Structures are given as structure tokens and as C-alpha cells.
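Note sheet for the following structure.
The values are calculated or read from the model by the stated rules, or taken from the named source; none is laboratory data. All of these numbers come straight from a predicted model, not from anything done at the bench. Positions of Cβ are generated from backbone atoms using ideal geometry, with glycine treated the same way; all protein chains shown enter the neighbour counts.
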Amino acid sequence: MPAPLLNATGLSHAFDYPLYEGIDLALYPGRSVAVQGRSGSGKSTLLHTLAGFLPPLTGRVMILGRDLYEMDEGEREMFRRTELGIVFQTHYLFKGMTGRHNIEAATQLAGTQLDPWLLERLEIDGVIDQKVSELSGGQQQRVSLARVLAKQPQLIFADEPTGNLDKQTAILVMDVMQEYIRERQGTLFLVTHDGEIAERCEAHYLLQEKRLQCLS
């Protein structure tokens with residue numbers, strides 16, 4: 001088996017109450033991992049820790065051979081920009097710009113170029129030059145995903161990426177993300193309430209009673 005792109009050991013976190021403890025997780029090239037859990041179980045907190053936004057109370061996160069929280073904030077921000085892709089349920093697009101300009105703003109920072117195939121595969125090639133404010137919610141979510149993938153990250157972290165989508169569009173979004181990681185030997189970590197979406201991943205976990213339980 002190839003070396004993991006991400007290896008997390010002994011992670012714990014708490015706010016007003018303990019969320020999880022003793023979490024060990026490895027993310028391998030070409031594979032996707034889904035985590036389900038009740039609201040407040042800590043699944044989004046875990047994603048934010050793995051993606052470099054929130055230091056754990058205990059434990060270590062190694063990504064691409066580097067200790068994520070041994071970096072200073074400037075290094076970590078640059079690392080996220082170049083190596084990681086973050087897909088949120090909320091789009092965070094610039095509403096006054098076109099979809100294309102939103103994507104190009106990200107590729108310029110990452111030093112990459114937009115592949116027209118990506119727009120066709122996400123079925124937004126016909127609307128990409130419209131302003132974001134003129135697009136439907138599903139189209140905006142696909143523009144947001146295209147913006148992330150156009151950066152060509154090795155690791156993708158997705159927080160409820162299909163939560164506001166109809167079933168057909170949700171499946172399209174999952175297919176595109178999984179095709180991307182297989183082609184580039186990257187990895188996908190997502191959290192979701194949707195069991196059908198979670199079951200499309202190679203590994204499926206439930207965060208419950210402060211522990212990750214493997215379901216498949």
C-alpha cells in the first residue's frame with residue numbers, strides 16, 4: 001500500500017464539552033473517506049483540524065510528510081493555498097463577478113490554469129460567464145467546486161458539499177470529485193449527513209461517543 005497523504009494520530013478536541021479523543025486516521029492516494037455524525041458530534045471540527053484551520057488539543061497531523069501544526073500561520077496558509085482544496089456548503093463566491101472570474105482568481109494565486117473539460121464535466125460551461133448572482137444555488141456550488149479543483153490540490157476537504165443540492169446534482173458533484181482524486185492520486189475527506197453520499201466513498205465512518213467507528 002502506498003504511503004498516506006495524510007496521517008493523523010491521537011487527535012482530540014473540546015469546546016464546552018469533549019467532542020472526540022484518540023482519533024487516528026490515514027488518507028491514501030486515490031481514495032475517498034466520509035464521516036457521518038449527529039449535529040454537534042464534532043465532524044466539522046475534525047475536518048477543520050485536518051485541513052489546518054483549527055489546532056487539535058492533542059495529537060498530530062502529518063500531510064505530505066510535513067507536520068501541519070509545526071508550521072507557522074503564514075506557512076500553513078500558503079500550504080493550504082497550494083496543496084489543499086476546501087469545499088464548503090456555503091459557496092463563498094464573489095457575487096459581482098462571473099463564475100469564470102471567480103475561478104481565475106483562484107488559479108492565478110495557485111499558479112495553475114483552468115481546464116475547460118472541468119466546466120463541461122460539471123455542466124456549467126454554458127453559464128460560466130454569467131454573474132454569480134444570476135446562477136442557481138446548484139450552479140453556484142458547482143462553480144465553487146470548479147474553483148477548488150482548478151487549483152489542482154492533492155487533498156480535498158469537503159464539508160457537506162451536497163447538502164443544498166438535488167440528488168442528481170449531488171451525484172454529479174461526487175462523481176467529479178472522485179474522478180479527480182483517482183486521476184491525480186489525490187484524496188478526498190468529506191463530512192455529510194447523507195448516508196447515500198457517504199456510502200459512495202471507499203471508507204465510511206461514524207463519529208459517535210467521541211470515537212470514529214468504521215462502517216465500511
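For the range 26-51, the set of residues classified as touching a Lys or Arg at 6+ places or on another chain (Cβ under 8 Å) and surrounded by fewer than 18 Cβ atoms within 10 Å (Cβ to Cβ) consists of 30 only.
Every residue, every condition in (1) at pLDDT below 95; (2) of a type outside the set (A, V, I, L, M); (3) touching a helix residue (DSSP H, G or I) at 6+ places or on another chain (Cβ under 8 Å), yes or no:
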position	(1), (2), (3)
119	no, no, yes
126	no, yes, no
130	no, yes, yes
134	no, yes, no
142	no, yes, yes
146	no, no, yes
153	no, yes, yes
163	yes, yes, no
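For the residues 44, 32, the requirement of being touching an Asp or Glu at 6+ places or on another chain (Cβ under 6 Å) and assigned to a strand (DSSP E or B) singles out 32.
Quickly run through the range 201-216 and pick out the residues that are touching an Asp or Glu at 6+ places or on another chain (Cβ under 9 Å), surrounded by fewer than 17 Cβ atoms within 10 Å (Cβ to Cβ) and not in a strand (DSSP E or B). 215, 216, listed by residue number.
Residues of the range 178-214 that are under 21 Å from residue 1 (Cα atoms), of a type outside the set (Phe, Trp, Tyr) and without any contact (Cβ under 8 Å) to a residue 60 or more places away in the chain: 179, 183, 184, 214. Screening 93, 57 for residues that are without any contact (Cβ under 8 Å) to a residue 60 or more places away in the chain and under 22 Å from residue 152 (Cα atoms) leaves exactly one candidate, 93. Looking only at residues that are in a loop (DSSP other than H, G, I, E, B) and more than 19 Å from the chain's Cα centre (by Cα) in the range 67-94, which one is surrounded by the most Cβ atoms within 10 Å (Cβ to Cβ)? Here the residue is 71. Consider residue 175 against the criteria (1) touching a residue at least 12 places away in the same chain (Cβ under 8 Å); (2) under 16 Å from the mean Cα position of the chain (by Cα): it satisfies all of them except one. Which criterion is unmet? The one condition residue 175 does not meet is (1). Looking only at residues of the range 1-17 that are hydrophobic (A, V, I, L, M, F, W, C) and surrounded by fewer than 21 Cβ atoms within 10 Å (Cβ to Cβ), we find that the one that is modelled with the lowest pLDDT is 1.
Of the residues in the range 61-69, none is at pLDDT 95 or above, within 22 Å of residue 175 (Cα to Cα) and hydrophobic (A, V, I, L, M, F, W, C). Looking only at residues of the range 1-18 that are without any contact (Cβ under 8 Å) to a residue 60 or more places away in the chain and not in a loop (DSSP other than H, G, I, E, B), we find that the one that is nearest to residue 61 (Cα to Cα) is 8.
Considering 155, 149, the condition of being more than 28 Å from residue 41 (Cα to Cα), among the aliphatic types (A, V, I, L, M) and touching a residue at least 40 places away in the same chain (Cβ under 8 Å) is satisfied by 149 alone.
Set side by side, the residues 54, 64 differ, and just one is touching a helix residue (DSSP H, G or I) at 6+ places or on another chain (Cβ under 8 Å), surrounded by fewer than 18 Cβ atoms within 10 Å (Cβ to Cβ) and farther than 25 Å from residue 185 by Cβ, which is 54.
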